[in-house]
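What follows is calculated from the coordinates using simple rules that are stated; it is not laboratory data. The model shown is predicted, which means the values in this text are computed figures rather than measured ones. Using ideal geometry, Cβ is built from the backbone for each residue, glycine included, and neighbour counts are taken over all protein chains shown.
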Amino acid sequence: MALIGDVTTLLCLMFIIQMIKSTNQARSTQLIQLPDGFITCKRSDPLVNKCIQKALQSGVPRVLKGYPNLDVVPIDPLYITEMDIEQTKGPFVFKLSLKDMNIFNFGSVKILSIKSDIDKYLFNLNVEFSQPLILDSNYKINGKAIILPINGEGKSNLTLEDVKASIDVKGRPVAKNGQNHMDLEILDIKFTSNRLYINFENLFNGDKYMGNNMNKYLNKNWKMILNQVQPSFEVTLGNKLQSIAQAFFTKVPYNTLFK
Ligand SMILES: *[C@@H]1O[C@H](CO)[C@@H](O)[C@H](O)[C@H]1NC(C)=O
């Protein structure tokens, strides 16, 4: 009888410990507050990449205007404080500073495919934008296009059509509050575009004739200009997306997303 009593006590104790454990778990997941309907994926799912693609794509409309609970800033327009480009070689040498840039239509992103190694924190995304990316900013430029000097400051509009991009993400595990999180080490973006439209307002102190001619010249040579501004743009955009994703992964444990 004594033995049965002891076993019962032990079982009760184990039951209580288990209860406390699961309440704590429930509490810590409650704190995270993933957006409603947020899809999580199973590592063991043979179609896990399809699941991630669905989760991300369905998350896009939710993060358009940002998600303050998760420290996620709006992605459409995507705001970039400053981007500086200096081109010292080639037919077009210039120093271009773009400030207070808003990228419109970023939310038109379509995720085409995903490759992942969840245990190694590796992801590759192929995406395209169904609408042109409009980079609306304040600019300042100084330089020389072949033999013509170019200078001015004001509003600028750089519009990229048919943008496709490949995004590589590499992370590593970090422990935070007893949970496993992903720390983003690298976010690399490479993109292609079929056309860049360029418009610098107020070139040459507002000289309309010279300004129009220069914009025409720049648009005629859009390919060369895109080649020159693309690396800086990719780095700036990559850093921005990395900080957005990092904010999310700092809040949401990796194991909550991938069970
Ligand atoms: C920028 O230029 C594009 C293409 O020329 C145009 O469709 C768009 O309306 C312009 N956007 C702004 C904010 O000026």
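Residues Ser116, Ser108 in ascending order of nearby Cβ atoms (within 10 Å, fewest first): Ser108, Ser116.
For the chain, averaging the sequence separation of C-alpha pairs within contact (under 8 Å, six or more residues apart) and dividing by the residue count gives a relative contact order of 16 percent. Taken along the Cα-to-beta-carbon direction at a fixed 7 Å, the label points for Ile147 and Ala55 span 6.0 nm. Ranked for footprinting exposure by Cβ neighbours inside 10 Å, fewest first, Ile134, Ile147 give Ile147, Ile134. Lys and Arg at +1, Asp and Glu at -1: add these up for the other residues within a Cβ distance under 15 Å of Asn227 and post the number. Result for the neighbourhood of Asn227: +3.
Over the residues of the chain, the helix contribution to mean residue ellipticity at 222 nm works out to -12500 deg cm²/dmol, using -39500 (n - 2.57) for each DSSP H run of at least 4. Here the gap between Gln131 and Ile39, fully extended at 0.36 nm per residue and compared with their Cα-Cα distance, gives a gain of 30.6 nm.
Each Lys or Arg adds one and each Asp or Glu subtracts one; over the other residues with Cβ under 14 Å from the Cβ of Lys42, this totals +2. With R₀ fixed at 45 Å, the C-beta to C-beta distance from Asn180 to Tyr209 puts the FRET efficiency at about 0.10.
Each residue in Tyr67, Tyr121 was given a count of other beta-carbon atoms within 10 angstrom of its own, and listing them fewest first yields Tyr121, Tyr67.
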